[in-house]
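Each remark here refers to the structure printed beneath this line.
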Amino acid sequence: AHQQGIAILEKELAQLKLPDISGDSRVGRVGKVRYELSRLRLRDFHLPYSRITPISNVGLQISISNAFAELDGDWRVKFLFVRAHGSFNLKVENVYIKISLRLGSDATGKPTVSTSECSARISQVRVLFSGKLGWLYNLFHRAIESRFRKILEDKVCGIVDRSVRNELQTYVQTLPVTARIDAKTGIDYSLVAPPRATTQSLDADLKGEFYSLAHRSTVPFSPLPLAFPSDHDRMVYFGASSYFFNTAGIAYHEAGALVFEITEDMIPKDAAFHLDTSILSVFIPQLEEMYPNMPVKFRLSTPTAPFLTIGPGGISLKPIVDAQAYAILPNSSLAPLFLLSLVRNVSAVINVRSGRIVGSLDVGRIRLSLKDSAVGTFKVRTMQSLMNFLTSTILLPRLNARLDEGFPLPLPDRIQLSNILVRFYQNFLLLGADVHFQPR
């Protein structure tokens, strides 16, 4: 922020427009010197020494020292019977600028930044006139240098304020407050309070809440506080709480996205069976008579939104899945067979790639129970191997393919993350990274 901001400010200051200057300077009892300075051109404005510091309960403070500038122009002077003209060069040295930035948020939850204080002080201004009438220049150069100092000090803070308003404020507003994930869900990343400055950092509290695009309801639980470790090896840290991930489960459940169907065409070609009633009749003999050699479809859904926990060991969840089996009749209608309840221990691996949180799931053994049957009773545990195969071979790769697409982090434009760190703490996941800004 410091490097890019100072570069922008240097560019803005170098385009400073100065007005023509004219006036009179009294010379004892002899009379007055009438002078005019015109066509003032600023060559450059350098800010070689500067720093940016967070100030607790204030915001950011930018201190610039030993800045210097150089400009030239034309002069014309009239004193008694003498008239002369030429060009001049002006050096502005030891410029000190102090800027305070106030951080806030607007009604949409986007960050805001404005100049709360600006002061500029110029220690030295030297005017060098061309020509041979040195005694004449000495009559009025102090008046000119004083006026130049006052004009520049006033204009510098005007440019700072405009640069903050047009450049910095415009840029921080690129922080996304909502991110559309797919046709059914989005993420709310709006600020819940203005950013806070401490002596070590800038802290921003973002809502971090998934929601269904069709119907946004109130989340039935509150977020837990995040206790960040005192680690400053990376430039930015992002804490994603269990609230963030669990609202994803609610949003996808409400949007009807946690429904999966498994049919014969999904079974791998090298599998030693077909998904039809003949394979199920091994476990349920009566199916041979009721629905002989008919294709079977499983419809998997979650009766409630999955709920996960985060601890030092990682992310784990134990989702409950209903597996409804159907026989597909010759007229393509569905005949319900039975409804199983599947409970599985699932662990998640999380990482960050290209500014997105990505993940993958690993599953343990299934525990089955029979919730309903239209084909009589049967021993559920005999279907353990089949359900393990269907969920591990077909369902899990599809879930992991979606998780590998990832979910976007709230990053302003042209920010790239590197040197990424992922750690688990109680109730939240901590992501650390260094930041690279890509100029236009």
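The values are calculated or read from the model by the stated rules, or taken from the named source; none is laboratory data. Because the structure is a prediction, the values reported are computed rather than measured. A quick note on method: Cβ atoms are made from the backbone with ideal geometry, for glycine too, and the neighbour counts reach across all protein chains shown. These area figures cover heavy atoms from the full protein model, side chains too; ligands, DNA and RNA do not enter into them. Shrake-Rupley method; radii C 1.70, N 1.55, O 1.52, S 1.80 Å.
Worth pointing out:
- For the stretch 389-411, the set of residues classified as open to solvent by less than 30 Å² (accessible area, probe 1.4 Å) and either touching a Ser or Thr at 6+ places or on another chain (Cβ under 6 Å) or in a helix (DSSP H, G or I) (or both) consists of LEU390, THR391, ILE394, LEU395, LEU396, listed by residue number.
- Qualifying position, being surrounded by fewer than 16 Cβ atoms within 10 Å (Cβ to Cβ) and within 30 Å of ILE187 (Cα to Cα), among ARG76, ARG142, ARG126, ARG165: ARG165
- Segments classed as helices (runs of 4 or more DSSP H), wholly inside the stretch 93-182, with at least 3 members that are out of contact with any helix residue (DSSP H, G or I) (no Cβ under 7 Å at 6 or more places or on another chain), touching a residue at least 60 places away in the same chain (Cβ under 8 Å) and within 30 Å of LYS78 (Cβ to Cβ): 141-163
- Selection of the stretch 424-440 for residues being touching a strand residue (DSSP E or B) at 6+ places or on another chain (Cβ under 7 Å), in contact (Cβ under 8 Å) with a residue 40 or more places away in the chain and in a strand (DSSP E or B) yields PHE424, PHE428, LEU429, LEU430, LEU431, GLY432, ALA433, ASP434, VAL435, PHE437.
- Qualifying position, being assigned by the TED database to the domain that holds LEU430, within 22 Å of ILE55 (Cα to Cα), surrounded by 15 or more Cβ atoms within 10 Å (Cβ to Cβ) and touching a residue at least 40 places away in the same chain (Cβ under 8 Å), among ALA193, ALA197: ALA197
- Evaluating THR382 against the criteria (1) modelled with pLDDT under 90; (2) of a type in the set (Ser, Thr, Tyr); (3) surrounded by 14 or more Cβ atoms within 10 Å (Cβ to Cβ) leaves one unmet condition, (3).
- In the stretch 81-112, the residues that are of a type in the set (Asp, Glu) and either open to solvent by less than 50 Å² (accessible area, probe 1.4 Å) or farther than 18 Å from THR170 by Cβ (or both): GLU93
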